[in-house]
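The values are calculated or read from the model by the stated rules, or taken from the named source; none is laboratory data. Since the model is a prediction, treat every value here as computed from it, not as a measurement. Cβ placement follows ideal geometry from the backbone for every residue including glycine, while neighbour counts extend to all protein chains displayed. Heads up: the accessible areas ignore ligands, DNA and RNA and are worked out on the full protein's heavy atoms, side chains in. Shrake-Rupley method; radii C 1.70, N 1.55, O 1.52, S 1.80 Å.
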Amino acid sequence: MKLLHSAFAGLVAFASMAGAAYADDLLTIQLKDGPVVIKLAPEVAPKHVAQIEALASKGEYDNVVFHRVIDGFMAQTGDVEFGKQGGAKFNPKRAGMGGSEMPDIPAEFSKVPFKRGTVGMARSQSPNSANSQFFIMFDEGAFLNGQYTVVGQVQSGMEFVDKIKRGEGGNGEVSNPDKMIKVTVTKK
């Protein structure tokens, strides 16, 4: 009986660990029009997701602007260095040129396609230069597949993403941009 009890206890422990391995990592972004819930994909891009979660947990993404927004393409944000309204280095003209104090992350490209609601990491020409900036797709973007790291997918609130103020010009620079009011991480 004692052996059966130990085996049952071990099975329960294993089941709870397996459940934790498949737990949903959710990133919630409060926008002016409502919350956007993103299911993060640590199984696809563990290093990128860990960095996003670390920055969000420290409040680094709070009040960061959407500095580049191109209609029919994507809304980019996450420059915690120059894009954080009220931050020591906030500079609307430099928003999009900075990152965080954390190191850049090696690329974690996958076969996950870029479609409406996909969240990807922004980077420079170097594939290993992603840091804190990310973007949310307004539409499908197959030309990004395998070239940028996918970190998640919008689960709810895409109607609020659609209301983010669009930029002007070919690069989508935004004057008086919308911002992420509060960004939180939860694990279900």
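Structure notes:
- Summary of the geometry: the stretch 57-98 and the stretch 106-179, compared by the centres of their Cα atoms, lie 13 Å apart.
- Amide H to amide H, with H built 1.01 Å from N, Val112 comes under 5 Å of no residue 5 or more places away or on another chain.
- Rolling a 1.4 Å probe over the heavy atoms of the protein chains gives the chain an accessible area of 52 Å² per residue.
- For the stretch 29-127, GluC sites (Glu not before Pro) meeting the loop criterion (DSSP other than H, G, I, E, B) and having at most 16 other Cβ atoms within 10 Å: Glu43, Glu101.
- Helix 46-57 axis versus longest C-alpha principal axis of the chain: approximately 70°, rounded to the nearest ten.
- Filtered trypsin sites (Lys or Arg not before Pro), the stretch 66-164: DSSP coil and at most 16 other beta carbons within 10 Å: Lys89, Lys93, Arg94, Lys111, Lys115, Arg116, Lys163
- Normalised by the number of residues in the stretch 36-108, the average gap of Cα pairs under 8 Å and 6 or more apart makes the relative contact order 25 percent.
- Phi to ³J(HN,Hα) by Karplus 6.51 cos²θ - 1.76 cosθ + 1.60 over the stretch 116-121, Hz, x for Gly, Pro: 4, x, 5, 10, x, 8
- Along the stretch 63-77 the Karplus relation, 6.51 cos²θ - 1.76 cosθ + 1.60 evaluated at θ = phi - 60°, assigns HN-Hα couplings of 6, 8, 7, 8, 7, 9, 9, 10, 4, x, 10, 6, 10, 10, 8 Hz to successive residues, with x for each Gly and Pro.
- Cross-link table Lys32/Lys165; Lys39/Lys187; Lys84/Lys179; Lys84/Lys187; Lys58/Lys115; Lys111/Lys179, entries beyond 20 Å C-alpha to C-alpha: Lys84/Lys187; Lys58/Lys115; Lys111/Lys179
- Angle of helix 2-21 to the longest C-alpha principal axis of the chain, folded into 0 to 90 degrees and rounded to 10: 10°.
- The stretch 91-188, accessible surface, carbon-and-sulfur percent (1.4 angstrom probe): 52
- Based on Cα contacts under 8 Å between residues 6+ apart, the chain shows a relative contact order of 31 percent.
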